[in-house]
Amino acid sequence: MKHLLLMIAPVMITSLWGLPGEKGMIEKGTIENPPVAKMIPKDVSIHEDRRIDNYFWLRERNNPEVLDYLRSENAYTETVMKHTEDLQTKLYEEMKGRIKETDLTVPVKIDDYYYYSRTEEGKQYSISCRKHKSLDANEEILLDQNELAEGYDYFQLGAFQISPNHQLLAYSVDTTGSEQYTLCVKDLSTDSLLPDKISNTYYSVEWANDNQTLFYNILDEAKRPYKVFRHTLGTDPGEDVLVYHEEDERFFLDIKKSKSKKYLFFVLESQVTSEVRYLDANNPTGRFEVIHPREHEHEYSVYHQGDRFLILTNDQAKNFRLMEAPITGPSRDNWKEFIPHREEVKLEYLDVFRDYLVVYERVNGLKKIRVMDLTKVTDYHLDFDEPVYVIYGGFNPDFNSTKLRFTYMSMITPRTVYDYDMVKKTKELKKQKEVLGGYDSSLYQTERIYATASDGKKVPMSILYNKRMEKNGKNPVYLYGYGAYGSTMDPYFSSNRFSLINRGFVFVIAHIRGGGYLGRSWYEDGKLLRKKNSFSDFISCAEHLIAEKYASPEHLVISGGSAGGLLIGAVVNMRPELFKAVVADVPFVDVVNTMLDPTIPLTVIEFEEWGNPADNAYYDYMKTYSPYDNVEAKDYPHLLITAGLNDPRVQYWEPTKWTAKLRAKKTDSNILLLKTNMGAGHGGPSGRYDYLKEIAFEYAFILDVLGMGNLSE
């Protein structure tokens, strides 16, 4: 479970070659003094050494003084950045000018309907639609998110599940950013809402095959999905049947349906352990049976195909192997190996068809598609030419199909959707995302380079730059990192980056330990009592970029969000002299305090990622790297820090306290800004235009502190 994961799009772009002087940068004393958080020592009494947290009071969400302080920080940030407003507007218009504002997705055929979504120029959100039997038929609008979002500063669609007979739509919405959703049901034949309405749900919802029964999960006080209820349409939700209650606070509870539509699954997962239960989808009042009872550090996932379950498991297989088991007796005693474990290949997930099995593998950091023809007992891999790329499995709802839809992209190739015919072994281009404004991929280069870590490990980096780039130590470099939960920051395409690339930047993703780029061992070597490998890897990447003259410390910008914000906070404490500017989005920086407070959402489930500080070994180790606890009286780079008041994953007070402590301790005159979104959560603004404005703000900060605010693309 990637509970702190935030896929903050790294940014980048290219055109001038070398940096001018830093004229135009804001100097201390030229603007109103920054707000100062008063220090009110409160003994948090969380360990025998009785640590004192001088900014503990900032956790008091309903305290008017806290809200006033957040507003004062926002006002200060606005004042500091006011002279960049024209630059922000220019960047925003550049990025908006690259997107096709009125567009639609590739339709997906499900039974007799073609489903797709589209966007309209000037509208923040997408519109979900379908056509019956033919793409030439009249369009039916299922859900216009723009209408649902009216009157709200924030809007996020959660569940979107069409009933098996295509007559009903179950969907859920979040209007605060708190990730608490309200579940609604729409009758598509009458275009009207049913009275069934359920609050405090998560985004996991599935239909039984009777078109009358819904399974949904709800959240506990720690924002953990922990109960599943069964709802029958037309009945009082207050009388819904509790189907399952997960009492272990380490586990999240999810609901899924097999692609064959024959089974419903409860998926119970902690960071390192899983358990799956199944039920015939034609028998919604039946009992969910366990595939295999949970065992510590045993992870598995289940797929249905014909008369068997396919089980992807790490049992005696660090990088996972594939097993099969009869539906009549799927316990582990009956598992048989179908694809063996390989040290150099990580099995990530499957797409199951009646006659084919598609396996998504990762080899040396790159995803591969392996197609297995079960009728001929043959298999092969699809080939891709670029040295750095990413593949995502598409939506393939037809179990009987012989065509595979997938998405391909790289840092220079826009999102491209293909249909692959598994019988003819031919590939059909369905759509490539159009990048407006004269984008020409031939002007840019993407490759993979390696830094040598302090212990000799080779750390990969995906890199993007204009082909005219010269390695003279004067290029601005944007170095992005994450490194947690085994999640891989793949080298995906973002047209927004080119507002930096086209100004001479080199964009780099550091695939550090703690992430999953090089398999399971790469992840495990950067967690718990080896977490600091993530930080030293990132520093080694920065040092390599400097040594190879991609940049110098005066030209190096680093960024990360959420658990990646922990990375950024740690390396800034360790080696502040390496970096010119820092962007930390909703950063998880108050590690010790958060992990010692089980009342905070998601804390308990995170013990298996960071460790439980009730254990002295983990407590002492966390204290050596926790960014908030290691702020010192020394010079720091320019810093832009963001927060979300309604964020359930990283509480707003973490970046707020970190900012306050930095203000009190740092000895430099560099800029330090805190920007709190007072009406959103972990992902920031929800609308696509508002999101671009946030990116433009961050880019403007970067360009300004580098003295590049007057440069055009």
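The values are calculated or read from the model by the stated rules, or taken from the named source; none is laboratory data. Just so it is clear, the structure is predicted and the values come from calculations on it, not from any experiment. Glycine also receives a Cβ, built like all others from the backbone with ideal geometry; neighbour counts cover every protein chain displayed.
What is the number of the single condition among (1) touching a Phe, Trp or Tyr at 6+ places or on another chain (Cβ under 9 Å); (2) modelled with pLDDT under 95 that residue 631 does not meet?
Going through (1) touching a Phe, Trp or Tyr at 6+ places or on another chain (Cβ under 9 Å); (2) modelled with pLDDT under 95 one by one, residue 631 breaks only (2).
Tell me which residues, restricted to region 661-693, are among the charged types (D, E, K, R) and surrounded by 20 or more Cβ atoms within 10 Å (Cβ to Cβ). Talk me through it step by step, then tell me what you get.
Of the residues in region 661-693, the ones among the charged types (D, E, K, R) are 661, 663, 665-666, 668, 675, 688, 690, 693.
Scanning region 661-693 gives 661, 675.
Can you report the number of residues in region 229-274 which are under 25 Å from residue 313 (Cβ atoms) and free of Cβ contacts under 8 Å to residues at least 24 places away in the same chain?
Going through region 229-274 one residue at a time, the tally reaches 3.
Among all residue pairs at least 6 apart or on different chains, which show Cβ distances below 6 Å where the first residue, located in region 687-702, is under 15 Å from residue 101 (Cα atoms) and the second is aliphatic (A, V, I, L, M)?
As it stands, the answer is 692/95, since those pairs meet every condition given.
With region 164-240 as the region, which strands (runs of 3 or more DSSP E) entirely inside it contain at least 2 residues that are among the charged types (D, E, K, R)?
Working: elements: 168-174, 181-187, 192-207, 213-219, 225-232.
So the answer is 181-187, 192-207, 225-232.
Would a scan of region 482-496 turn up a residue that is among the small types (Gly, Ala, Ser), crowded, with 17+ Cβ neighbours inside 10 Å and in contact with an Asp or Glu (Cβ under 6 Å, 6 or more places away or on another chain)? Can you show your working first?
Pass one, region 482-496, residues among the small types (Gly, Ala, Ser): 483-484, 486-487, 494-495.
With the extra rule that they be crowded, with 17+ Cβ neighbours inside 10 Å, the set shrinks to 483-484, 486-487, 494-495.
With in contact with an Asp or Glu (Cβ under 6 Å, 6 or more places away or on another chain) added as a condition, the list becomes none.
Within region 482-496 (the criterion being among the small types (Gly, Ala, Ser), crowded, with 17+ Cβ neighbours inside 10 Å and in contact with an Asp or Glu (Cβ under 6 Å, 6 or more places away or on another chain)), the answer is no, since none of the residues qualifies.
Might you check whether a residue that is more than 27 Å from residue 608 (Cβ to Cβ), surrounded by fewer than 19 Cβ atoms within 10 Å (Cβ to Cβ) and out of contact with any Phe, Trp or Tyr (no Cβ under 6 Å at 6 or more places or on another chain) occurs anywhere in region 219-227? Give the derivation first.
Initial filter on region 219-227 (more than 27 Å from residue 608 (Cβ to Cβ)): none.
No, region 219-227 contains no residue that is more than 27 Å from residue 608 (Cβ to Cβ), surrounded by fewer than 19 Cβ atoms within 10 Å (Cβ to Cβ) and out of contact with any Phe, Trp or Tyr (no Cβ under 6 Å at 6 or more places or on another chain).
Which of the residues belonging to region 669-713 are farther than 20 Å from residue 92 by Cα, in a loop (DSSP other than H, G, I, E, B) and at pLDDT 95 or above?
Across region 669-713, the qualifying residues are 669, 670, 671.
Based on what the data block shows, is residue 215 surrounded by 21 or more Cβ atoms within 10 Å (Cβ to Cβ) and under 23 Å from the mean Cα position of the chain (by Cα)? If you could, list the steps in order and put the result at the bottom.
On the way: surrounded by 21 or more Cβ atoms within 10 Å (Cβ to Cβ): yes; under 23 Å from the mean Cα position of the chain (by Cα): no.
When the stated conditions are applied, residue 215 does not pass them.
Read through the list (1) over 29 Å from residue 690 (Cβ atoms); (2) surrounded by fewer than 19 Cβ atoms within 10 Å (Cβ to Cβ), then give the number of the only condition that residue 231 fails.
(2)
Quick check on residue 270: is it buried (at least 21 other Cβ atoms within 10 Å of the Cβ), out of contact with any Leu (no Cβ under 9 Å at 6 or more places or on another chain) and over 23 Å from residue 397 (Cβ atoms)?
Yes, satisfied.
Would you tally the residues in region 32-53 being assigned to a loop (DSSP other than H, G, I, E, B) and either at pLDDT 90 or above or surrounded by 11 or more Cβ atoms within 10 Å (Cβ to Cβ) (or both)? So that I can check it myself, show each step before the final result.
The first filter runs over region 32-53 and keeps only residues assigned to a loop (DSSP other than H, G, I, E, B), leaving 32-41, 44-51.
Narrowing further to those that are either at pLDDT 90 or above or surrounded by 11 or more Cβ atoms within 10 Å (Cβ to Cβ) (or both): 34-41, 44, 46-47, 51.
So the count comes out to 12.
For residue 162, work out the one condition from (1) under 30 Å from residue 602 (Cβ atoms); (2) crowded, with 20+ Cβ neighbours inside 10 Å it doesn't fulfil.
The number of the failed condition is (1).
Which condition breaks for residue 597 when tested against (1) farther than 23 Å from residue 471 by Cβ; (2) touching a helix residue (DSSP H, G or I) at 6+ places or on another chain (Cβ under 8 Å); (3) among the acidic types (Asp, Glu)?
Result: residue 597 passes all but (2).
Write out, first by first residue and then by second, each pair whose Cβ atoms fall under 6 Å of each other, whose residues are 6+ apart or on separate chains, and whose first residue, in region 143-154, is surrounded by fewer than 16 Cβ atoms within 10 Å (Cβ to Cβ) while the second is part of a loop (DSSP other than H, G, I, E, B).
Close Cβ pairs satisfying both conditions: 152/175.
Considering only region 617-636, how many residues are assigned to a loop (DSSP other than H, G, I, E, B) and within 22 Å of residue 531 (Cβ to Cβ)? Break it down stepwise before answering.
Narrowing region 617-636 to residues assigned to a loop (DSSP other than H, G, I, E, B): 626-627, 631-636.
Still in the running and within 22 Å of residue 531 (Cβ to Cβ): 626-627, 631-632, 636.
Of the residues in that region, 5 qualify.
Counting only residues that are touching a Phe, Trp or Tyr at 6+ places or on another chain (Cβ under 8 Å), touching a residue at least 60 places away in the same chain (Cβ under 8 Å) and of a type in the set (S, T, N, Q), how many does region 275-304 have?
Here the count works out to 0.
Taking the conditions exactly as written (hydrophobic (A, V, I, L, M, F, W, C) and either within 23 Å of the chain's Cα centre (by Cα) or outside the structural domain of residue 653 (by TED's automatic domain parsing) (or both)), does residue 579 satisfy them or not? Full working, then the answer.
Numbers: hydrophobic (A, V, I, L, M, F, W, C): yes; either within 23 Å of the chain's Cα centre (by Cα) or outside the structural domain of residue 653 (by TED's automatic domain parsing) (or both): no.
No, not satisfied.
Consider residue 404 carefully, then state whether it is more than 27 Å from residue 258 (Cα to Cα), part of a strand (DSSP E or B) and not assigned by TED's automatic domain parsing to the domain that holds residue 501. First the steps, then the outcome.
Details: more than 27 Å from residue 258 (Cα to Cα): no; part of a strand (DSSP E or B): yes; not assigned by TED's automatic domain parsing to the domain that holds residue 501: yes.
So residue 404 fails the test.
Just the residues that are among the hydroxyl-bearing types (Ser, Thr, Tyr) and either more than 18 Å from residue 311 (Cα to Cα) or within 23 Å of the chain's Cα centre (by Cα) (or both), please, taken from region 269-286. Working first, answer last.
In the first step, residues of region 269-286 are kept if they are among the hydroxyl-bearing types (Ser, Thr, Tyr); the result is 270, 273-274, 278, 285.
Hits for region 269-286 are 270, 273, 274, 285.
Keeping to region 640-668, report how many residues are assigned to a strand (DSSP E or B) and touching a Lys or Arg at 6+ places or on another chain (Cβ under 9 Å).
So in region 640-668, the residues assigned to a strand (DSSP E or B) come out as 640-644.
Going one step further and asking which of them are touching a Lys or Arg at 6+ places or on another chain (Cβ under 9 Å), we end up with 640-643.
Summing the residues that are assigned to a strand (DSSP E or B) and touching a Lys or Arg at 6+ places or on another chain (Cβ under 9 Å) in region 640-668 gives 4.
Residue-wise test of (1) part of a helix (DSSP H, G or I); (2) within 17 Å of residue 421 (Cα to Cα); (3) not assigned by TED's automatic domain parsing to the domain that holds residue 416.
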| residue | (1), (2), (3) |
| --- | --- |
| 311 | no, no, yes |
| 316 | no, no, yes |
| 362 | no, no, no |
| 369 | no, yes, no |
| 372 | no, yes, no |
| 381 | no, yes, no |
| 384 | no, yes, no |
| 387 | no, no, no |
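Any residue in region 60-89 that is surrounded by 15 or more Cβ atoms within 10 Å (Cβ to Cβ) sitting within a Cβ distance under 6 Å of a residue that is assigned to a helix (DSSP H, G or I)? List the pairs, counting only those 6 or more apart or interchain.
Matching pairs, first to second residue: 66/58; 84/700; 84/704; 87/700; 88/696; 88/697; 88/700.
Among (1) under 20 Å from residue 301 (Cβ atoms); (2) of a type in the set (A, V, I, L, M, F, W, C); (3) surrounded by fewer than 17 Cβ atoms within 10 Å (Cβ to Cβ), where does residue 429 come up short?
Of everything listed in (1) under 20 Å from residue 301 (Cβ atoms); (2) of a type in the set (A, V, I, L, M, F, W, C); (3) surrounded by fewer than 17 Cβ atoms within 10 Å (Cβ to Cβ), residue 429 misses just condition (1).
Please verify whether residue 622 is over 20 Å from the mean Cα position of the chain (by Cα), surrounded by fewer than 24 Cβ atoms within 10 Å (Cβ to Cβ) and at pLDDT below 95, treating the condition exactly as stated.
Against the criterion (over 20 Å from the mean Cα position of the chain (by Cα), surrounded by fewer than 24 Cβ atoms within 10 Å (Cβ to Cβ) and at pLDDT below 95), residue 622 does not qualify.
Do you know which residues across region 597-616 are part of a helix (DSSP H, G or I), within 27 Å of residue 666 (Cβ to Cβ) and of a type in the set (D, E, K, R)? Spell out how you get there, then give the answer.
Taking region 597-616 first, the residues part of a helix (DSSP H, G or I) are 604-610, 616.
If we keep only those that are within 27 Å of residue 666 (Cβ to Cβ) as well, we get 610.
None; the set is empty.
Can you pull out the residues in region 318-339 that are within 27 Å of residue 486 (Cα to Cα) and in a loop (DSSP other than H, G, I, E, B)?
Those that are within 27 Å of residue 486 (Cα to Cα) and in a loop (DSSP other than H, G, I, E, B): 318, 319, 320, 335.
Name the residue that is surrounded by the fewest Cβ atoms within 10 Å (Cβ to Cβ), counting only residues in region 189-206 that are in contact with a strand residue (DSSP E or B) (Cβ under 6 Å, 6 or more places away or on another chain) and over 19 Å from residue 148 (Cβ atoms). Walk me through it before giving the result.
First pass over region 189-206, keeping only residues in contact with a strand residue (DSSP E or B) (Cβ under 6 Å, 6 or more places away or on another chain): 193-194, 196-206.
Keeping just the survivors that are over 19 Å from residue 148 (Cβ atoms) gives 204, 206.
Numbers: 204: 23, 206: 21.
Of everything passing the filter in region 189-206, 206 is surrounded by the fewest Cβ atoms within 10 Å (Cβ to Cβ).
Exactly one of (1) charged (D, E, K, R); (2) touching a Leu at 6+ places or on another chain (Cβ under 9 Å); (3) surrounded by fewer than 19 Cβ atoms within 10 Å (Cβ to Cβ) is unmet by residue 470. Its number?
The single condition residue 470 does not satisfy is (2).
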